[in-house]
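Right, one structure below, let's go through it.
The values are calculated or read from the model by the stated rules, or taken from the named source; none is laboratory data. Because the structure is a prediction, the values reported are computed rather than measured. Positions of Cβ are generated from backbone atoms using ideal geometry, with glycine treated the same way; all protein chains shown enter the neighbour counts.
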Amino acid sequence: MKVSTAPQAVAVEVVAARATTADTAMVAQLESSEKKSLPGVAYIVKVRLKALPEAIGQGWALYVGTLRIPKYWTYPHGIYFKVFDPQFFADHQGGRLRFSQNGTQFVDTRLKLVAPRTPAKKSGRAAERLPKQDEVLS
């Protein structure tokens, strides 16, 4: 089995973007299960990498502190994940971004989670002014 080195993260940025149709359904589900109102936007947490990791059988899991991010995707400059509840940033503010292949040994990126540049408000007009996700990720 081929061994890979951990991705080298060089920057982290959080940008509020318009929710996609799938995101809107996810937000509605979260609002129902959590019994609270959410802004209805997708916070895109972009982790810029020195180089995209190659696809291998044993991938690298991304953590914020001790929380494993269950799913992330690639974009041309690195990886990203979505957050729909702004409370996530309050709960994990300053959490170190780390990678692990086994959940016990970690590679610290020396980067910390930051809050969104501009908090989103639950308003149709405000959400319409946000960039589309493909714009944020290009």
Of the numbered conditions (1) free of Cβ contacts under 8 Å to residues at least 60 places away in the same chain; (2) within 22 Å of Lys36 (Cβ to Cβ); (3) in contact with a Leu (Cβ under 9 Å, 6 or more places away or on another chain), Phe89 fails exactly one; give the number of that condition. (1)
Scanning for something crowded, with 16+ Cβ neighbours inside 10 Å, modelled with pLDDT under 95 and small (Gly, Ala, Ser), does the stretch 125-132 turn up at least one residue? yes
Result of the Cβ filter at 9 Å on the stretch 34-51, keeping first residues that are closer than 8 Å to Gly78 by Cα and touching a residue at least 12 places away in the same chain (Cβ under 8 Å) and partners that are in a strand (DSSP E or B) and of a type in the set (Ser, Thr, Tyr), at least 6 apart or interchain, is Lys46/Tyr75; Lys46/Tyr80; Val47/Tyr80; Val47/Thr109; Leu49/Thr74
